[in-house]
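Notes follow the structure.
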Amino acid sequence: MRKKIVAGNWKMNTTLAEGVGLAKDVNEALKHVTPKCDVVIAVPFTHLASIAAVIDSSKLGLGAENCADHVKGAYTGEVSAPMVASTGATYVILGHSERRQYYGETSETLKVKVGLALENALTPIFCIGEVLEERENGTYLDVVKKQIEEALFDLSAEDFGKIILAYEPVWAIGTGKTATDDQAEEMHAFIRSVIAKKYGDQVADDCSILYGGSCKPSNAAQLFAKPNVDGGLIGGASLEAESFMGIVNAF
Ligand code: PGA
């Protein structure tokens, strides 16, 4: 059965001390509720080990925001999937639109990163989504289909079953412009149909597909009420425990 998940994406925010403080606040808040979803925070590499040491991993999952497309060696400045796993993290965001846009990540590199994440027992939270122009010219479904096919469709059904997808329309990220619940549902249902065609109905039905892009406590419940929206990938609103928990509690 597919999981409901709310995952925070801290991006390049917080110093180490601030990040540990925020993680502790979220961890503390989770002691007082029984969320109807899994809760994950994806944090900067520098924070992973320290945060792993202060959270209850049975209640709060921990992830990185990226990993390298190599295992080790002469790649100055990169952080590999085994390194991420060695901190205690069990998730990794891959293919975020900011990585694709600003750091030139392609489906080819992402395919390698997904493979390395899986080999190291990290659960990829794989991001897909169209830019505004593609939304407006009507190619958005094709664009997202291609992103999934190119990076993920060489996986076995078993490995595909380990992936969490996050649909993040680029025009909605950090802009305050959320996709409507109907726009999200249309895309999520479409994504599920694409998966079903390749891997069958069961794999498609079991896949968690999160929505991301200006998701906040005030709109989360409406988005999460849609049958194909299984939770959210939360940027800005994950940087305060109260607003993040507001979204967690929207389920
Ligand atoms: P946002 O970011 O919630 O700040 O729009 C979401 C994301 O980029 O994952």
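The values are calculated or read from the model by the stated rules, or taken from the named source; none is laboratory data. Everything quoted here is computed from the prediction, not taken from an experiment. Here Cβ is always computed from backbone atoms with ideal geometry, including for glycine, and neighbour counts include all displayed protein chains. These area figures cover heavy atoms from the full protein model, side chains too; ligands, DNA and RNA do not enter into them. Shrake-Rupley method; radii C 1.70, N 1.55, O 1.52, S 1.80 Å.
A Cβ distance below 7 Å, combined with a sequence gap of six or more or placement on separate chains, defines the contacts here; from segment 47-59, residues that are in contact (Cβ under 8 Å) with a residue 24 or more places away in the chain reach residues that are open to solvent by 50 Å² or more (accessible area, probe 1.4 Å) and of a type in the set (Lys, Arg) in the pairs Val54/Lys24. Considered as a group, the residues in segment 98-122 that are open to solvent by 30 Å² or more (accessible area, probe 1.4 Å) and assigned to a loop (DSSP other than H, G, I, E, B) include one that is nearest to Gly231 (Cα to Cα), and that residue is Ala121. Counting only residues that are hydrophobic (A, V, I, L, M, F, W, C), buried (at least 20 other Cβ atoms within 10 Å of the Cβ) and in a loop (DSSP other than H, G, I, E, B), which one in segment 129-184 is nearest to the chain's Cα centre (by Cα)? In this case the residue turns out to be Ile163.
Only a single criterion out of (1) within 16 Å of the ligand (Cβ to nearest atom); (2) in contact with a strand residue (DSSP E or B) (Cβ under 6 Å, 6 or more places away or on another chain) is not satisfied by Thr175, namely (2).
For segment 195-210, the set of residues classified as assigned to a loop (DSSP other than H, G, I, E, B) and either of a type in the set (Lys, Arg) or more than 16 Å from the ligand (Cβ to nearest atom) (or both) consists of Gly200, Cys207, listed by residue number.
Within segment 84-97, being touching a strand residue (DSSP E or B) at 6+ places or on another chain (Cβ under 9 Å) and open to solvent by 50 Å² or more (accessible area, probe 1.4 Å) holds for one residue alone: Thr90.
Limited to segment 242-251, what total is found for residues that are buried (at least 20 other Cβ atoms within 10 Å of the Cβ) and part of a helix (DSSP H, G or I)? The qualifying residues number 4.
Only residues that are under 20 Å from the mean Cα position of the chain (by Cα) and in a loop (DSSP other than H, G, I, E, B): list them for segment 58-73, please. Scanning segment 58-73 gives Ser58, Lys59, Leu60, Glu65, Asn66, Cys67, Ala68, Asp69. Can you tell me which of Ile55, Ile125, Ile93 is more than 18 Å from Glu168 (Cβ to Cβ) and either part of a strand (DSSP E or B) or away from the ligand (no atom under 16 Å from the Cβ) (or both)? Answer to the check: Ile55. Scan segment 211-236 for residues that are in a helix (DSSP H, G or I) and within 6 Å of the ligand (Cβ to nearest atom) and the total you get is 1. Which count do you get for residues in segment 62-77 that are crowded, with 20+ Cβ neighbours inside 10 Å and small (Gly, Ala, Ser)? Within segment 62-77, residues that are crowded, with 20+ Cβ neighbours inside 10 Å and small (Gly, Ala, Ser) number 3.
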